[in-house]
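Each remark here refers to the structure printed beneath this line.
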Amino acid sequence: MMTLSEVRTALFARLPSLAGKRNRSTFFWVVRVAIFLVAARFVILASSKRAFDSDDFNAAGQWNVTVDEARAQALARRANNATLGFGEIVYISLPARSDRQDAMHLIASIHGLNLHFMPGVDGESVHPKSVPDGGSQLRPPELGCWRAHANAWRRMLASRQETMLILEDDADFDVNVHQIFQRISMQMQHNSLRVEPPTEREIEAAPYGLDWDVMYLGQCSDYAGPRKDLSMVFDDPDAPQRARTHEHFVAMMQSLGVYGKAIGKTRVISPSYGPVCTLAYAITRRGAQRLLLNFSYLGLSTAVDVDILNKLQDGSIRGYTVTPPPFSSFRLNNEKDSDTVRQSTSEDGENQKPEKEEKDIGNIAGTSLNIRNSARHAMLVNLDRLNWEDYERAIPKNRESNAVVVQATDASEVAVPQFSGTPEEGKEASRQAGQAPLYEVIDSSDEVPAEVPAENTDAASSSSSVEQSADDVQEEKKQVDAGEGQQQQQQTTPSTAAEAKPAEENVEQQTPSSQQDTVAKIEDAPLAIAS
């Protein structure tokens, strides 16, 4: 069969002779060629399963725009911000799954991401009248999933952002997530799959362009469309190793022409056709409008991820897919992996207990495919601390000096000996040094010493005096409790006892307000530094 170029060559070769002979068949030849070209165009469009549009005769895929490399790199560096270059990152989680929410905020904080929590929806709470046409046969978990994602689309439309990244609460990603998305941004700015040229707004401020509705970044399975020639392959040193790449994505890359050692070193961007799951995907403002139109206003026929797949295949929605995906689901391989399966309890009986008798070690045993360096696994190392080993390394034992210099209240430097004994030995050492433990210095405002020893008679005789140290009060109180006060009373001379009696009377005659003032002044007195 002759190609279009051969037909045109043959036609133009015969035109001079036809014109010279003024043959009537010239007109018919021109008509036949025109019909043949139009028919060929329709055949090509039909094979790609795209809707015919009159503008396709001037397809923008032929445009030649030279992207300024410096501007492209500057724009790609926006992927290093807290939202990976998107307007916002949200994650959907049922309010009861606080364990997953803790994990999401942990890994986000370590890698400098800013996430916004979107409450998941219990399908049982969806009112029957709010279910889209055709969605009455959906199970409650499927209804809840649809409603939660629809709420995220509404949030997008209510904001002033142009893009949004939507995650689910079991997402995991590579520790070099910023570098990965910077490379994706560079590819999307040099996109050879576009059917329309980028606007100046996209070139200036859209790291991933805006010519798409949905961008799949965390699908659980996928397959390419009939146009295998539509793909962009680029190097990525953070791509998952071949052994850690799921067979779904290996097969897809091979169908797009990536084989051998290139799998494990590259990623592919292609038109979305068969993605399943909504673990991680981005949307544009126009995409949010189309999603809400097709899967709420017009109806819902099945689970939301499958419904989106159907619309991608019939051309109602335009999407791009990154393979292997930069996001993956973190799996514990137990009942916690699903929000639709009830976790078994002891009341379920012995027959429903798991066969394994091994100890459940939870998140430590979790796994993530399609990721070279899991952020959740790296978090365990990132936040690991060996405090006492650090002390042994930084401050070795038996060093020459065992004192530190602290700033005293009078701005002079005082050497304070360090104590390394038991707490009880520390209390005893404090008492012997005339210091009381900090928690014993402050008494209740209702307590007044019942007896003031002779050596402090002068200080006790004046209720307004603050010269008496709080440490002395506590020292004498401890001595009385230990029986030492009784021995002191026996050794006190009559004259001394007589001098002490007026002080006791003076204490008893204090008014409640004066007692409180005295205690307050004692509490405000400078505290000694306890060892």
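The values are calculated or read from the model by the stated rules, or taken from the named source; none is laboratory data. Keep in mind it's a predicted model, so treat the numbers as computed, not measured. Positions of Cβ are backbone-derived with ideal geometry, glycine not excepted, and every protein chain shown enters the neighbour counts. For the accessible areas, the whole protein counts, side chains as well, though only heavy atoms, and no ligand, DNA or RNA atoms are used. Shrake-Rupley method; radii C 1.70, N 1.55, O 1.52, S 1.80 Å.
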For region 327-368, the count of residues that are surrounded by 18 or more Cβ atoms within 10 Å (Cβ to Cβ), at pLDDT 75 or above and assigned to a loop (DSSP other than H, G, I, E, B) equals 3
With criteria (1) at pLDDT below 95; (2) surrounded by fewer than 22 Cβ atoms within 10 Å (Cβ to Cβ), Q189 comes up short on (2)
Checked against (1) under 21 Å from V195 (Cβ atoms); (2) surrounded by fewer than 18 Cβ atoms within 10 Å (Cβ to Cβ), Y273 satisfies every condition except (2)
Only unsatisfied item for D238, checking (1) assigned to a loop (DSSP other than H, G, I, E, B); (2) crowded, with 18+ Cβ neighbours inside 10 Å; (3) in contact with a helix residue (DSSP H, G or I) (Cβ under 8 Å, 6 or more places away or on another chain), is (2)
With the first residue restricted to region 371-400 and required to be over 15 Å from H105 (Cα atoms), and the second required to be surrounded by fewer than 14 Cβ atoms within 10 Å (Cβ to Cβ), Cβ contacts under 8 Å at 6 or more apart or on different chains are R372/Q241
With the first residue restricted to region 68-88 and required to be more than 17 Å from D174 (Cβ to Cβ) and acidic (D, E), and the second required to be open to solvent by less than 60 Å² (accessible area, probe 1.4 Å) and modelled with pLDDT of 90 or more, Cβ contacts under 7 Å at 6 or more apart or on different chains are E88/S159; E88/M164
Selection from region 205-232 of residues free of Cβ contacts under 8 Å to residues at least 24 places away in the same chain and in contact with a helix residue (DSSP H, G or I) (Cβ under 9 Å, 6 or more places away or on another chain) yields G209
From the option list L143, L157, single residue qualifying as hydrophobic (A, V, I, L, M, F, W, C) and buried (at least 22 other Cβ atoms within 10 Å of the Cβ) is L143
Quick count over region 249-265, residues being in contact with a strand residue (DSSP E or B) (Cβ under 9 Å, 6 or more places away or on another chain) and either farther than 10 Å from T323 by Cα or of a type in the set (S, T, N, Q) (or both), is 5
Do we have S270 as touching a residue at least 12 places away in the same chain (Cβ under 8 Å), outside any helix (DSSP H, G or I) and under 13 Å from V214 (Cα atoms) here?
yes
Among residues of region 246-290 being among the polar types (S, T, N, Q) and more than 23 Å from R227 (Cβ to Cβ), the residue nearest to the chain's Cα centre (by Cα) is T278
Exercise for review: Assess whether A262 counts as being at pLDDT 95 or above and of a type in the set (A, V, I, L, M).
Suggested key: no
Note on R100: of the conditions (1) assigned to a loop (DSSP other than H, G, I, E, B); (2) modelled with pLDDT under 95; (3) not aliphatic (A, V, I, L, M), unmet is (1)
Pairing a residue in region 154-167 that is closer than 14 Å to L210 by Cβ with any residue that is polar (S, T, N, Q), where Cβ atoms lie under 7 Å and the two sit 6 or more apart in sequence or on different chains, gives E162/T284; T163/T284
